[in-house]
Every structure is written in C-alpha cells, then in structure tokens.
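Peer 1: Let me begin by handing over the structure; questions about it come next.
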Amino acid sequence: MHLSQFVAMRYLRANSKRSFVAFINLFSIAGIALGIAALIIVLSVMNGLENQLKQRVLGILPHAIIYAPNHEDTDRLSTDKLDEYAPDDPHRLGIIRMSDYVESEVMVQSRDELRGLLLQGIDPQVEDDISIISTKMVSGSFTSIGINQFNVLIGNALASQMRLNIGDKIRIISPQTSVYSPFGQVPSQRLFTVSGIFNLVSEMDDKVIISNVRDVARLMRIDKSASYDTRIFLQDAFDIQPLVEQLERDEFSYQTWQKRQGALFEAVNMEKNMMALMLFLVILVAGFNVVSALVMVVAEKTSDIAILQTQGMMPMQIRAIFFFNGIYNALVGVFIGGLLGSLGVITLNPILRLMGSSLAFGENGNGLPILTDYTQIIIIMAVTILLCAIASFYPAIKASKVLPARGLTNE
C-alpha cells in the first residue's frame, strides 16, 4: 500500500474513537448513501413510468408517417426514394418496419351513441409481430381485420363506453369524403363489425379504432392505384432525429409522434430531470459535509502532520493522505447507497402492497413500473465520487501548508 494511503487508512480507523469527528464523518457518508439510494429509486420509477407511457401511447400512434404523393395537402415527391429507407440496416436510421397506412378522423355510431374518433388503417400481416396491440388483445384476434371483411378493432374503454361486444355492428362515417345519392351529396359511410378488443390501459383506448388499410381506403374513396401513406416503426421512438434529418434532406412531407404527443413526453422528462436535480442537491450537501469533516481532521492532526514533515514526508504526500481520506468516504457512501437503492428498487412494490397502497401504474395494474437504467446509476456514482474528490482538495491543500515549527509549538 502507498504510504499516503496507509496513513489515511490509519486516520479513518482512529477517527472511530473520536466521538464528534467520527459523527461528522459518518454523517457525511450517510448523506451520500441516502442521496444515492433515493436518486436510484426515484429515477427507476420515473424511467418505468416514461417507458409505460411510451409503450401505451406510442404503441398505437405512428412513430412517423411519410405522406404519399397524392396526399390532399400539397403536391408530394415520388415515393421511389422510399426504397432507400427499407430496414435492411436498422442501425442507420433506427427503422425496423415500414407499412401502408391510412388515417382519418371519423364519426362512429353505435346503437346508443355517436362520437368522433380517429380511424387507423393498417396492414395486420405486416404489423402482427411488432405491434403492441397484438399482444394486448382482450378478445378477438389482431389479424381478424382482413381485406374486404370490414372488421374493426376497438379499445376496451371504448367498448365499455359504447356498450359494444365482439360481433356488434357500428357505422363509420367519414366527413372528409362524400358520395352522391338520390338525396344529394352525403358523407361516405359503411357498417363495420367489431372483431377484436384490445386494452393498452392508455388514454388512446377510447380515441382510436383500427381496421384494414384497404377497407379504410375504400371508405375514404381512395383510388386503388393511388399510393398510401407509409407508417414507420422505429427501434426506439425517442431516437427519431436521424430519420427526421434524412426526411428533410429528401424533402419528404412527414409527421412524427413529437407533433402529437411531444409536449406530454417533454413534461414527463422535465419532471424527471427536476426530481433528479433536487435529489442530487442532497448528495451535494453531503459532499460539503466531507469538506467539514476533513477540515476538522486536519485541525486535529496538525501535530501529526508536522511530525511527518520533519521525518521527510513531502507536501504532495501530505495532500494525498487527506485526499484519499475524502475519496474513501465517498466510495463507502456510494457503495452503501448503491446497495440500498438496489434493495429499494427490488422491494418497493412488495412494501407498497404490504402498506395497502392503491397505486396501479405498473404492468397489468400492479404497483409502480420500475425500469433501472444501469448507465444512469454508474454516471450518478461517478459524478458523486468526482464531487467528493473536488471537495477534498481544499482540506488536503490546507494540510500540506502546515508549518512544522508552528504545528509543534504546543507539543
């Protein structure tokens, strides 16, 4: 062991016999440990909530839509360039799947109610293995919305509100398109059959209905030879910037999930960051306790420092003693905090159940969703050790400037 480390360890063991200095030292370690543990638990819960929100909201909304050349808004470029977006290399743009897509705001009429909803036309054969809806079916089948069957999938909340079950008929009216009849021009409409009910436990469950893209195109009177919009599935919906930059370069007209739900996720992310900042201030205060504890140790060990200098120890070695002292405190606090945080994450939901908590935000309504990001934990620990190391510089420098003659005056 290096001489400075050896002396530092001796001081740490000796301090346990000094009640007040030992208390200050233990208080700083406890502050670091509790701050680390609280930060790990809170960030794990916030990450879990954000992940649940991403699955439930972005699982039903497109990550990105590239509008077809015949879209009604403006003239579009040819979709030949879309061949370059084929997900042969998903790491380039993060694309894992592309499919035909049609979307329209419609009126839905049941026996008892009429309400406005968002109708999505998808290709179930393409999306079956990647859509979260296929794994959240309460009854019916995701692939039941075949071509020319005019079937529809609805959310469990919508089915309850409109008193719908499998096999019931609903009338879907498209106000955006119209047809001519003996009674004049009327909105395009058609009867659809409820063939499946899904449950994402999301705010979108009572706002979106899903049918086959070809059937929706017929309802909206889209020509068979026309190109459909393209729905893009990303590996990570949050990592959308490379795709946006490529779409801008190719001058495609597009829309991403950020335009619809960006404000929601920004608010969640801001809340997570603010809570992390507040808890990090606890760790920062504990770091200042490291300074006060080391200053007291330096004041107590003035004569020891003077004796070590008279025996040939260099100022740099003196600084290293108290620098290592602060680092050891940080390492102990970080280790204990990481252990407590990990145990807290594992036992949080069982403890809530024992307390009779009614929180049900997790998967299948069980407790709190928890997602531990080990990269975040490593960064938190590394930054904490770095702060404690910086805080240890002042006491260490002060110790190295002790003059041997003055330090031994009262001895």
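Read the figures in this text as sums done on the coordinates, not as results from a lab. Keep in mind that what you see is a predicted model, and the values were worked out from it rather than measured. Positions of Cβ are backbone-derived with ideal geometry, glycine not excepted, and every protein chain shown enters the neighbour counts.
Peer 1: Relative to the first principal axis of the alpha-carbon coordinates of the chain, what is the inclination of helix 3-15, with its axis defined by its Cα atoms, in degrees from 0 to 90 and to the nearest 10?
Peer 2: For 3-15 against the chain, the angle is about 90 degrees.
Peer 1: Here's something else I'd like to know. Listing Phe150, Phe280 from the residue with the fewest other Cβ atoms within 10 Å to the one with the most, what is the order?
Peer 2: Going from least to most buried by this count: Phe280, Phe150.
Peer 1: Computed over the Cα atoms, what is the radius of gyration of the chain divided by 2.2 N^0.38 Å, N being its residue count?
Peer 2: Dividing the Cα radius of gyration by 2.2 N^0.38 Å gives 1.47.
Peer 1: Rg and Dmax of segment 90-245 over Cα atoms: what are they, in angstrom?
Peer 2: For segment 90-245, the Cα-based Rg and Dmax read 16.3, 55 Å.
Peer 1: Listed here are the pairs Lys169/Lys207; Lys207/Lys272; Lys207/Lys259; Lys54/Lys136; Lys136/Lys207; which of them are more than 22 Å apart at the Cα?
Peer 2: Beyond 22 Å between Cα atoms: Lys207/Lys272.
Peer 1: Beta carbons within 10 angstrom, averaged per residue: use that to sort the peptides 161-169, 131-139, highest first.
Peer 2: My ranking of the peptides, most packed first, is 131-139, 161-169.
Peer 1: Could you line up Thr256, Thr375 from fewest to most neighbouring Cβ atoms inside 10 Å?
Peer 2: Least crowded to most crowded, the residues run Thr375, Thr256.
Peer 1: Averaging the inverse of every distinct alpha carbon separation and then flipping it gives the Kirkwood radius. What is it for segment 157-292, in angstrom units?
Peer 2: 20.3
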